[in-house]
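Reviewing the structure listed below.
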Amino acid sequence: MILQALTQYYEDLLALGKIERPGWSKTKVSYGLVLNEDGQLTQLTHLQKELVRGKKTVLAPQDHLVPSPAKRASGVLANFLCDNSGYLLGVDSKGKPARTAECFAAAKTLHLELLQHVDSPAARAVVRFFEHWEPAQAVSHPALQEDWDDLLKGGNLIFWYGNAPVAQDPAVADAWTQHYEASDDAAEPIRCLVTGRCGPLARLHPNIKGVAGAQSSGASLVSFNASAFCSYDHEQGANAPVSEYAAFAYAAALNTLLSDRDRVCRVGDTTILCWAAGGQSAYQDCFIANIFGDSYSEKDLLSTLHHLAQGEHIVWNDDQLDPNTLFYVLGLAPNAARLSVRFFWQNTFGMMARNLARHYDRLEIIRPSYDKFPTLPIWRLVQETVRKPSPGARPAEPNPRLAGDLLLAVLSDMPYPATLLDGIALRIRAERNVSRGQASIIKAYYLRNSSNSKLKEVMTVELNEQSTYLPYVLGRLFAVLEAVQQSANPSINATIKDRYFNSASATPSSVFPLLINLAQKHLAKLDGGLSLYYQRKIADLIDRITQTLPARMTLPEQGAFQLGYYHETQKRYTSKSKKEEQ
């Protein structure tokens with residue numbers, strides 16, 4: 001399903017003129033070897049641009065359209081018109097002169113074979129270059145001296161003639177296309193699992209570049225390199241027959257998606273891509289804004305989602321979005337020389353919006369006045385499961401599978417992963433506090449995952465003052481007892497929360513009698529009006545306790561306790577803010 005969707009996306013982009021035809025790809029190139037009509041190297045032209053990375057300005061190679069490079073293993077295999085210095089000049093810094101000579105000889109054979117009879121000045125210049133170039137002269141060649149050390153680092157070089165790359169010459173391009181198609185015809189024909197059509201077998205699939213944490217030279221999405229992965233004496237790609245065309249198409253589509261850094265997101269070790277049938281990028285922008293962005297207002301995002309969920313067309317960045325358009329989301333993670341698929345989701349764009357709107361409705365909760373984030377994107381939810389970094393320290397990494405599992409649950413409107421709640425519970429125990437994000441996750445988790453009606457009753461946006469659900473009432477009571485202590489001792493550094501919060505939520509019968517007795521001493525320090533207010537508040541909550549305090553509370557009951565504490569605390573701060581405004 002993944003390869004079929006990517007192949008179709010390639011064909012959509014090809015129809016729009018946004019991607020290269022088979023046999024061609026964009027490759028990062030550092031230098032151009034400028035040739036004259038006699039094939040002599042006259043100049044080394046820089047094809048790098050300055051980029052700011054962090055605090056440094058560096059020279060980075062730029063993308064150029066060139067004949068698709070071959071996928072190398074350990075042998076010698078030359079590329080046409082674009083390769084490193086070992087192949088095109090016969091020099092490198094690897095310290096293996098015999099192998100370097102083989103590389104140059106392979107490149108010479110390939111270029112002479114393809115261009116010997118091409119009637120073009122650019123083709124004749126390349127032919128003459130290979131006929132007369134001696135690798136030994138490279139070290140003293142005046143055109144190479146200034147950039148010699150950088151030249152040997154392995155960056156790609158291309159041939160340049162008449163103020164343009166040789167690859168852009170129509171006759172040369174036609175020669176390559178004929179060679180590429182002829183080599184396909186020579187391969188073993190099979191019935192392709194992706195397209196269903198007969199075509200040459202792709203024994204090795206193209207590399208995928210741009211996945212965070214994977215090899216910079218690229219990694220395989222499909223590969224078979226050990227006997228344990230093979231069956232019926234098949235070798236390499238014959239174990240899952242995919243045609244050369246389909247392999248090129250899905251790899252080209254995937255590399256195009258990964259090269260667009262503005263539309264690639266990363267959470268944990270998962271690189272997340274998305275695309276819509278038809279190739280329109282506005283769908284990607286809308287999805288990323290709603291899932292990962294926090295620059296749009298909550299009102300705008302929810303309005304967009306609700307309109308799409310109701311089957312209505314909307315306009316996003318001047319493009320009309322159809323809720324019936326098929327939409328795809330893919331999560332990839334590094335795995336040695338291969339890529340691991342964390343998740344894959346496909347459905348209509350409207351269904352995505354409907355499920356996402358339900359997710360945000362479940363997350364909605366009253367938030368502190370200092371919290372300026374209107375929504376809680378996926379990356380913030382995941383970060384709530386790890387400790388907050390100290391200034392200058394590297395942020396802690398969340399569970400590597402959590403981001404993918406959570407996003408898939410949100411998109412499919414399935415139960416949230418248990419690892420999300422486990423991470424939240426551990427952070428609350430460690431920090432002895434409940435943040436807005438953690439409270440939102442507790443609320444959303446039990447609304448979606450639990451069938452306990454009493455528990456769901458207290459999973460509300462704001463304080464449920466009428467509830468008699470014991471864990472929730474105890475959480476509220478704990479917040480009031482803490483407020484009493486803070487009012488009696490305004491300069492106190494640590495409250496009962498720092499010492500008793502975890503035990504009060506887990507073993508209330510052993511803690512609350514002590515806390516209530518302690519509150520009486522604090523009430524004695526307050527003036528009459530404030531003391532009376534808190535006494536009535538405490539009495540009202542105690543009246544709601546109609547059963548013996550439990551010796552232990554379950555994890556869902558502890559969640560209700562934590563939410564009760566959060567709601568009651570936010571109610572107190574909200575009331576205080578209103579009084580200050582008056």
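The values are calculated or read from the model by the stated rules, or taken from the named source; none is laboratory data. What you see is a predicted model; the values in this text were computed from it and never measured. A quick note on method: Cβ atoms are made from the backbone with ideal geometry, for glycine too, and the neighbour counts reach across all protein chains shown. Ligands, DNA and RNA are excluded from the accessible area calculation, which covers all protein heavy atoms including side chains. Shrake-Rupley method; radii C 1.70, N 1.55, O 1.52, S 1.80 Å.
The long axis of helix 170-186 is offset from the longest Cα principal axis of the chain by roughly 80 degrees. Annotation: per residue accessible area for the stretch 336-443 equals 42 Å², rounded to a whole number [probe 1.4 Å, protein chains only]. Measuring how big the stretch 467-531 is from its alpha-carbon positions, Rg and Dmax come out at 12.0, 34 Å.
For LYS153, a cut-off of 26 angstrom between C-alpha atoms picks up these lysines, skipping any fewer than 8 places away in its own chain: LYS26, LYS28, LYS49, LYS55, LYS56, LYS71, LYS94, LYS96, LYS108, LYS209. Take the alpha-carbon centre of the stretch 302-331, take the same for the stretch 17-70, and report the distance between them in whole Å. Rounded to whole Å, the Cα centres lie 38 Å apart. In a DSSP loop and with at most 14 other Cβ atoms within 10 Å, the chymotrypsin sites (Phe, Trp or Tyr not before Pro) in the stretch 190-274 are TYR232. For the pair the stretch 122-142 and the stretch 427-471, the centres of their Cα atoms are 73 angstrom apart. Each listed q (0.18, 0.24 Å⁻¹) maps to a log10 I(q)/I(0) for the stretch 88-185, found by the Debye formula over equal Cα scatterers with no solvent: -0.95, -1.34. Altogether, the Stokes-Einstein calculation at 4 °C and 1.567 mPa s, with the Kirkwood radius of the stretch 12-55 over Cα pairs as Rh, returns a diffusion coefficient of 92 µm²/s. The residues GLU131, GLU482, sorted by heavy-atom accessible surface at 1.4 Å with ligands and nucleic acids left out, run GLU131, GLU482 from largest to smallest.
Measuring with a 1.4 angstrom probe and ignoring ligands and nucleic acids, SER281 comes out at about 40 Å² accessible.
Rolling a 1.4 angstrom probe over the stretch 244-283 with all protein chains present gives an accessible area of which 42% lies on carbon and sulfur atoms. For the stretch 359-478, the Kirkwood hydrodynamic radius from C-alpha pairs, put into Stokes-Einstein at 25 °C and a viscosity of 0.890 mPa s, yields a diffusion coefficient of 160 µm² per second.
Remark on the stretch 31-76: ratio of C-alpha radius of gyration to 2.2 N^0.38 Å is 1.65. Ranking ILE291, ILE542 from most to least accessible surface, computed with a 1.4 Å probe over the protein chains only, gives ILE542, ILE291.
Rolling a 1.4 angstrom probe over the protein heavy atoms with all chains in place gives the stretch 509-558 an accessible area of 63 Å² per residue. Rolling a 1.4 Å probe over the protein heavy atoms of the stretch 488-571, with every protein chain left in place, gives an accessible area that is 52 percent carbon and sulfur. Here the stretch 501-530 and the stretch 188-203 have alpha carbon centers that stand 74 Å from each other.
In this structure the amide hydrogen of CYS230, modeled in the peptide plane, comes within under 5 Å of no amide hydrogen from residues 5 or more places off or on another chain. Taking the C-alpha atoms only, the angle from helix 349-363 to the longest principal axis of the chain is near 30 degrees.
Max-minus-min Cα coordinates of the chain on each principal axis give 103, 51, 51 Å, with the largest extent listed first. With all protein chains in place and a 1.4 Å probe, the accessible surface of the stretch 336-480 carries 51 percent carbon and sulfur. Note that the stretch 191-276 shows a convex hull volume over its alpha carbon atoms of 111 Å³ per residue. Taking every DSSP helix (H) stretch of at least 4 residues in the chain, weighting each as -39,500 (n - 2.57) and dividing the sum by the residue count yields a mean residue ellipticity at 222 nm of -14000 deg cm²/dmol. Taking the Cα centre of the stretch 14-74 as origin and assigning +1 to Lys and Arg Cβ atoms and -1 to Asp and Glu Cβ atoms, the resulting dipole is close to 540 debye. Checking the cross-link pairs LYS454/LYS521; LYS443/LYS571; LYS388/LYS443; LYS388/LYS521; LYS456/LYS525 against a 28 Å limit on the alpha carbon distance flags LYS454/LYS521; LYS388/LYS521; LYS456/LYS525 as lying beyond it.
Computed from Cα atoms, the angle from the helix 97-115 axis to the main principal axis of the chain rounds to 70 degrees. At a probe radius of 1.4 angstrom, the accessible area of the stretch 158-225 per residue rounds to 51 square angstrom. For the stretch 1-110, the alpha carbon convex hull comes to 191 Å³ per residue, rounded to a whole number.
Here the calculated FRET efficiency for ARG72 and ASP371, from their Cβ-Cβ distance with R0 = 51 Å, stands at 0.45, rounded to the nearest 0.05. Ordered by 1.4 Å accessible area with all protein chains kept, LEU204, LEU221, LEU455 run largest first as LEU204, LEU221, LEU455.
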